[in-house]
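Okay, structure first, notes after.
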Amino acid sequence: MIQSMTGFGKASLQLPSKKITVELKSLNSKGLDLNTRMPSVYREMELGLRNQLSQRLERGKIDFSLYIEATGEDTSSKINAPIIKGYISQMKAIMPQADDVELMKMAIRMPDALKTEREEIDENEWKEIQKVIDQALENMLQFRKDEGVSLEKEFVLRIDNIKKLMNDAVAYDSERIETVKNRLRTAIEDLQLTVDENRFEQELIFYLEKYDITEEKVRLGNHLNYFIETLAGTEANGRKLGFITQEMGREINTMGSKSNHTEMQKLVVMMKDELEKIKEQVLNVL
């Protein structure tokens with residue numbers, strides 16, 4: 001079953017003093033393009049996190065975000081009391097009549113009035129964060145699978161349309177050949193030339209071989225069937241499906257160049273349109 005590279009996963013966990021939220025977003029990309037956002041205190045865990053994400057997600061433009069929201073009374077920023085008292089003392093010396101409350105408001109905005117204590121990673125807390133990351137990953141993978149089901153239905157529809165158009169085009173084959181024969185014979189008659197019928201038939205056969213689309217029909221049919229078989233594969237196969245669509249395009253283009261028939265050419269254009277829709281969606285397949 002195919003999977004989409006487009007996906008979204010989110011998970012949250014409430015701890016006693018903080019709320020942890022992980023978000024994962026994914027768009028299509030030729031390779032793995034991973035961007036992470038997280039509080040600086042967890043930066044030392046980034047390398048392991050990247051390895052974890054790359055093993056599970058394989059391809060795509062991935063945005064990973066880790067949010068920590070403090071919900072308790074604990075905070076990493078503390079009032080630097082000695083510094084503030086020093087500021088107030090200095091300002092009182094300059095402005096003895098100033099109100100203490102106003103001096104406090106001014107002092108709290110001065111440099112170093114607040115000090116931020118460096119947090120250390122709590123191993124137990126990181127284990128809890130890992131659980132949230134794993135849940136967000138599972139949610140994204142499920143999203144990708146659900147999108148893959150929709151893509152597969154779209155592909156099957158388009159492939160069936162191409163098969164039908166191909167059969168409709170082939171139905172014009174005998175009429176097309178007869179039209180070419182009549183046109184050539186009329187041209188010779190208009191020139192009022194006497195030709196050897198056997199030689200004419202031989203040359204006509206050689207000429208019509210250039211317009212024969214039997215091989216293209218067979219190869220295109222094989223490519224269409226192979227595309228459907230690949231859809232049912234168990235491995236990531238977006239690139240493989242892309243290669244198959246290229247081969248399908250070659251056969252359709254050759255049929256168009258050989259058609260020499262108005263109605264057949266119209267059908268070839270419709271086949272190309274269906275194929276372009278498949279190519280657009282193949283870019284989203286993992």
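The values are calculated or read from the model by the stated rules, or taken from the named source; none is laboratory data. Just so you know, these numbers come straight off a predicted model, no measurement behind them. Here Cβ is always computed from backbone atoms with ideal geometry, including for glycine, and neighbour counts include all displayed protein chains. Note: areas computed on protein heavy atoms with side chains; ligands, DNA, RNA excluded. Shrake-Rupley method; radii C 1.70, N 1.55, O 1.52, S 1.80 Å.
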Å² per residue, accessible surface of region 1-85 at 1.4 Å: 57 Å²
Distance histogram in 10 Å bins (all Cα pairs of region 7-90, percent per bin): 14, 35, 23, 14, 9, 5, 0
Carbon plus sulfur fraction of accessible area for the chain, probe 1.4 Å, in percent: 50 percent
Region 2-107: trypsin sites (Lys or Arg not before Pro) in DSSP loop, at most 14 other beta carbons within 10 Å: 30
Candidates 240, 266, 210, ranked by Gaussian network fluctuation over the chain, Cα under 10 Å, top entry: 210
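Considering every Cα-Cα pair within the chain, what fraction, in whole percent, is farther apart than 23 Å?
On the way: 28899 of 40755 pairs.
Cα-Cα pairs in the chain separated by more than 23 Å: 71 percent.
Relative to the compact globular guide of 2.2 N^0.38 Å, what is the alpha carbon radius of gyration of region 1-150, as a ratio?
Against the compact-globule rule of thumb, the ratio is 1.55.
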Cα-based convex hull, region 237-286, per residue volume (Å³, whole number): 45 Å³
